[in-house]
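S.K.: If you scroll down you'll find the structure; I have some questions about it.
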Amino acid sequence: MAVVQVNGFALNYEQVGAGAPLVYIAGTRFDSAKMWVPYMQRHAEGFQVLLPDPRGMAGSQHVASVKPSDWVADLAGLLDSLGLAKVHLAAETFGSRIATRFAADYPNRVSSLILNGVIAYSSPGADEERARNSDPANIPEDRRRSLEEYHGADWVQVNAFYLNVHGQPEFHAYYDLRQVAPRVSAPTLLVRGDVDDPIHPVRHSVELHELLPNSWLAIYPKTEFNALRARPEEAWALIRRFTQEMGG
């Protein structure tokens, strides 16, 4: 692990492998940059993978609140700190919102954009489901232990912080990727499985594919939403092909 000061806050990141720089943002409550290291060691050959924990989460500095734009500004600051002018930018679920907004706002810094199980915009049903499955009263013991491993002893506060940010109208507006997608110039690969769920609907990937000026869409049959976890060999073979053909 490594920690750098970005915009006045300590940000943790992990680094795996060698090759073209690829930043991967998960940024959910149920994982961390550290957790992804063994997976990337197994599957991301040919890339120097950088795995940042967003401000307020996991190994990065925990805070009481953020503005939605802080996470995008932190990513720009992290790349500056590491001397990276341009990267392949990949993300899943919540991280896909940060990555897409970054690609729209910093087009010269993104060689390609890879979105795994994208969440394109907020919806009442998804927010209600997220709140329900994140209520500490509803979290099973094994999940509680994982949350403490990822975020530390104050995981309950981190969980509340995350849910509070997602509930803000400013968050909904800033990360509505339907408004952002037409400004994304980087070639974009969207991947996911065809099994639907309320938080990660299949239609979000389809809608963004139609809005993004230069995108590929891969939906794997009989597969959960997180294609990189469920179909790693196929997904990474596609990522290598895509970045070689489209990513410069």
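The values are calculated or read from the model by the stated rules, or taken from the named source; none is laboratory data. Keep in mind that this is a model prediction, so the values were computed, not measured. Every residue, glycine among them, receives a Cβ derived from its backbone with ideal geometry; neighbour counts consider all protein chains shown. Side chains are part of the model used for accessible areas, which takes the heavy atoms of the whole protein and leaves out ligands, DNA and RNA. Shrake-Rupley method; radii C 1.70, N 1.55, O 1.52, S 1.80 Å.
S.K.: Select from the range 1-31 the residues that are within 24 Å of Arg240 (Cα to Cα) and among the hydroxyl-bearing types (Ser, Thr, Tyr) and list them in ascending order.
M.R.: Matches in the range 1-31: Tyr13, Tyr24.
S.K.: I need the full set of residues from the range 120-164 which are of a type in the set (A, V, I, L, M) and in a loop (DSSP other than H, G, I, E, B), in order please.
M.R.: Ala120, Ile139, Ala153 - these are the residues of the range 120-164 that are of a type in the set (A, V, I, L, M) and in a loop (DSSP other than H, G, I, E, B).
A quick yes/no check of all residues on (1) open to solvent by less than 10 Å² (accessible area, probe 1.4 Å); (2) within 11 Å of Thr100 (Cβ to Cβ); (3) of a type in the set (S, T, N, Q):
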{"residue": "Gln168", "(1), (2), (3)": "no, no, yes"}
{"residue": "Arg183", "(1), (2), (3)": "no, yes, no"}
{"residue": "Asp194", "(1), (2), (3)": "no, no, no"}
{"residue": "Pro198", "(1), (2), (3)": "no, no, no"}
{"residue": "Pro201", "(1), (2), (3)": "yes, no, no"}
{"residue": "Val206", "(1), (2), (3)": "no, no, no"}
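S.K.: Here's something else I'd like to know. Within the range 234-248, restricting attention to residues that are modelled with pLDDT under 95 and part of a helix (DSSP H, G or I), which residue is surrounded by the most Cβ atoms within 10 Å (Cβ to Cβ)?
M.R.: Taking the candidates together, the pick is Met246.
S.K.: Residue under question is Ala104, and the condition is that it be within 26 Å of Asp127 (Cα to Cα) and crowded, with 23+ Cβ neighbours inside 10 Å; does it hold?
M.R.: no
S.K.: Still on this structure: Can you tell me which of (1) open to solvent by less than 10 Å² (accessible area, probe 1.4 Å); (2) in contact with a strand residue (DSSP E or B) (Cβ under 6 Å, 6 or more places away or on another chain); (3) under 17 Å from Ala20 (Cβ atoms); (4) among the hydrophobic types (A, V, I, L, M, F, W, C) is the one Leu84 doesn't meet?
M.R.: Against the list (1) open to solvent by less than 10 Å² (accessible area, probe 1.4 Å); (2) in contact with a strand residue (DSSP E or B) (Cβ under 6 Å, 6 or more places away or on another chain); (3) under 17 Å from Ala20 (Cβ atoms); (4) among the hydrophobic types (A, V, I, L, M, F, W, C), Leu84 comes up short only on (1).
S.K.: Another question about this same structure. Just give me the residues in the range 211-233 being part of a helix (DSSP H, G or I), over 23 Å from Val110 (Cα atoms) and open to solvent by 60 Å² or more (accessible area, probe 1.4 Å), in sequence order.
M.R.: Arg229, Glu233
S.K.: Out of the residues in the range 4-61 meeting the condition of being modelled with pLDDT of 95 or more and basic (Lys, Arg), tell me which one is farthest from Ala85 (Cα to Cα).
M.R.: Arg42
Results for (1) open to solvent by less than 60 Å² (accessible area, probe 1.4 Å); (2) touching a strand residue (DSSP E or B) at 6+ places or on another chain (Cβ under 6 Å); (3) more than 21 Å from Ala58 (Cβ to Cβ); (4) not aromatic (Phe, Trp, Tyr), shown as yes or no for each residue.
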| residue | (1), (2), (3), (4) |
| --- | --- |
| Asp142 | no, no, no, yes |
| Leu147 | yes, no, no, yes |
| Gly152 | yes, no, no, yes |
| Val158 | yes, no, no, yes |
| Asn164 | no, no, no, yes |
| Phe171 | yes, no, no, no |
| Asp176 | yes, no, yes, yes |
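S.K.: Further, regarding this structure: Can you tell me which condition Ala2 does not meet? The list is (1) buried (at least 17 other Cβ atoms within 10 Å of the Cβ); (2) in contact with a Phe, Trp or Tyr (Cβ under 8 Å, 6 or more places away or on another chain); (3) of a type outside the set (Asp, Glu), and all the others hold.
M.R.: (1)
S.K.: Out of the range 73-119, which residues are within 20 Å of Glu245 (Cβ to Cβ) and assigned to a loop (DSSP other than H, G, I, E, B)?
M.R.: Lys86
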